[in-house]
Amino acid sequence: MGEKVLMKGNEAIAEAAIRAGCLHYFGYPITPQTEIAAYMAKRMPKVGGVFLQAESEIAAINMVLGVAAAGKRVMTSSSSPGVSLKSEGMSYISGSDVPALVVNVQRGGPGLGGIQPSQSDYFQAVKGGSHGDYKRIVLAPASVQEMASLTTKAFDLADKYSILTMILADGTMGQMMEPVELETTEPVKYEKPWATTGTKMQRKHNIVNSLYLKPEELEKKNFERFAKYKTIEENEVMYEEYLMDDAEICVVSFGITSRVAKNAIVEARAKGIKVGMIRPITLWPFPTEVLNKAADKCKAFISVEMNMGQMIEDVKLAIECKKPVHLCCRVGGMIPSPEEVLAKIEEVNEGGER
Amino acid sequence: MKKTTNILFAGFGGQGILFAGKFVAYKGLLEGKHISWLPSYGPEMRGGTANCSVIVSEDPIGSPIVSKPDVLVAMNLPSLDKYENEVVPGGKIFVDSTLIERKVTRTDVDVYYIPATGLASEKGINTLANMIITGKLLKEVEELSFDNIDAPLGKVVSARHQDLLEVNKTALQLGYDY
């Protein structure tokens, strides 16, 4: 790793991607992620890469599919409404089992919504959003350092499993600056014997496709894919535990809200309330096991998120409804304050509100 | 001294609010502290009000959002109106008194009036009121200091404009001496 530099989260993603060997970026501008495209426009020509501002998000994601089929590292980025436009192409990428990275720097919705930060695309990211039976690996950074390091990770996971990965950030994470140490080691190279790189008349054609007209074949494909997803669920879960050793209340939060929650937890601890946090870093695969274990010790859970309660459903599933799960949220571009989170912790601690 | 200093810079877009914040952040980084910098973004960048949250801390930083500042830099009246009451008791408010005619009404905070915009135009450095007021900030906020200003300035002044280093230093000095 190199020296610490001050970068915006969006810029950190872009630089980390280039260092991970991603030399193909296709995108279309939208606030609050435009710095990714701007950074790529500036840097790609200097490193022999391709930056292309497509005519639309739909065009950009299909260019991503093309490069992914050729076995090269590739990404696109957007914010909420733009990601909706990309969702068809994302399903094709999942159905073709090719590796690629999509970054969503979320803003408030639905519709055109607003431009201020939000986490309201949680469902879209982890539950579907595109058509068909599929999963994608979803990583949720909570610092500018993680915007960089999880981008590196996202490319590695994509190649390792031939899968679409997503960075689910938000406007705050994209716009804020923090010190970041960038990767200086060479990216890991993965063999891609399936890539459509030309046969040179020496092998059979490789075909990358998501069309299977015989239902038996398509069913088999789906079964194989879900076997792969099971391996990912067993091996790739990432989370951070914060002050959980003696915690009676467990906050669950990801991204920017986990940062706000940390302030509230410090305040609550100072008041003698035993509260800690489990922060999912992978939203899929979700850290089900650690949450389920926590449910045996804790008396209640609080899901802190910037939507009307989306991740809270996964928390309830993970703990099999063994304990009550409360919601603390702001939406529409509003960010909960540490005081609001603290008030909820105190309320839950006193046994109120169910 | 507090372990964590929450600073809010606020003013019009174009006054160099984000730049001043970035300078203070970089200074903290190069001094080995934890720092975060969070701008308002969107329409504000295009000529409305702009603000940025800067946190300089001995400890890792939780929320990067400064809602209760220890230090407020107000470079226009709407900013003072909006944030005066959010400053923590015992905090500090720096006011550009060229652009803000009214006085701070709080009595439980320290207030510094600096005619930064007036000083800047007097000295022919019109665009550097932000750094004049920042010079004063470095003097009066005990968690900050006037030491080691060259390196962070070198980082925040873009490579193309390194000729502006000296004039930025002059502006910081002006505020410091005021």
Can you tell me which residue among A:K42, A:K8, A:K4 is modelled with pLDDT under 95 and within 14 Å of chain B (Cβ to nearest Cβ)? A:K4
Flagged pairs (Cβ under 6 angstrom, 6 or more apart or on separate chains; first in the range A:130-152, under 20 Å from A:E236 (Cα atoms); second assigned to a loop (DSSP other than H, G, I, E, B) and of a type in the set (D, E)) are A:T152/A:E183
One residue from B:N168, B:N85, B:N130, B:N148 being at pLDDT below 95 and either over 20 Å from B:C52 (Cα atoms) or away from chain A (no Cβ under 14 Å) (or both): B:N148
All but one of (1) modelled with pLDDT of 95 or more; (2) among the β-branched types (V, I, T); (3) open to solvent by 20 Å² or more (accessible area, probe 1.4 Å) hold for A:T31; state the number of the condition that does not hold. (1)
Kindly establish whether A:P280 is in contact with a strand residue (DSSP E or B) (Cβ under 8 Å, 6 or more places away or on another chain), over 20 Å from A:S120 (Cβ atoms) and open to solvent by less than 10 Å² (accessible area, probe 1.4 Å). no
Matching option when the condition is at pLDDT 95 or above and surrounded by fewer than 21 Cβ atoms within 10 Å (Cβ to Cβ), among A:K262, A:K274: A:K274
Does A:L164 meet the test of being touching a Gly at 6+ places or on another chain (Cβ under 9 Å), touching a residue at least 60 places away in the same chain (Cβ under 8 Å) and either more than 14 Å from chain B (Cβ to nearest Cβ) or among the aliphatic types (A, V, I, L, M) (or both)? no
Residue under evaluation B:M1, criteria (1) within 12 Å of another protein chain (Cβ to nearest Cβ); (2) surrounded by fewer than 21 Cβ atoms within 10 Å (Cβ to Cβ), criterion not met: (1)
Determine whether A:D246 is free of Cβ contacts under 8 Å to residues at least 60 places away in the same chain, surrounded by fewer than 15 Cβ atoms within 10 Å (Cβ to Cβ), not basic (K, R) and not in a helix (DSSP H, G or I). yes
Among residues of the range A:286-324 being in contact with a Ser or Thr (Cβ under 6 Å, 6 or more places away or on another chain) and more than 30 Å from B:Y41 (Cβ to Cβ), the residue surrounded by the fewest Cβ atoms within 10 Å (Cβ to Cβ) is A:A318
Suppose we keep only residues that are buried (at least 19 other Cβ atoms within 10 Å of the Cβ), of a type in the set (S, T, N, Q) and closer than 16 Å to B:A10 by Cβ within the range B:45-74. Which one would you say is nearest to the other protein chains (Cβ to nearest Cβ)? B:S53
Please go through the range A:48-106 and pick out each residue that is touching an Asp or Glu at 6+ places or on another chain (Cβ under 6 Å), more than 25 Å from A:K160 (Cα to Cα) and open to solvent by less than 20 Å² (accessible area, probe 1.4 Å). A:S80, A:G82, A:Q106
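The values are calculated or read from the model by the stated rules, or taken from the named source; none is laboratory data. Predicted, not measured: the structure shown is a model, and the values here were computed from it. Neighbour counts run over all protein chains shown; Cβ positions are idealised from the backbone, glycine included. For accessibility, only protein heavy atoms count, side chains too; no ligands or nucleic acids. Shrake-Rupley method; radii C 1.70, N 1.55, O 1.52, S 1.80 Å.
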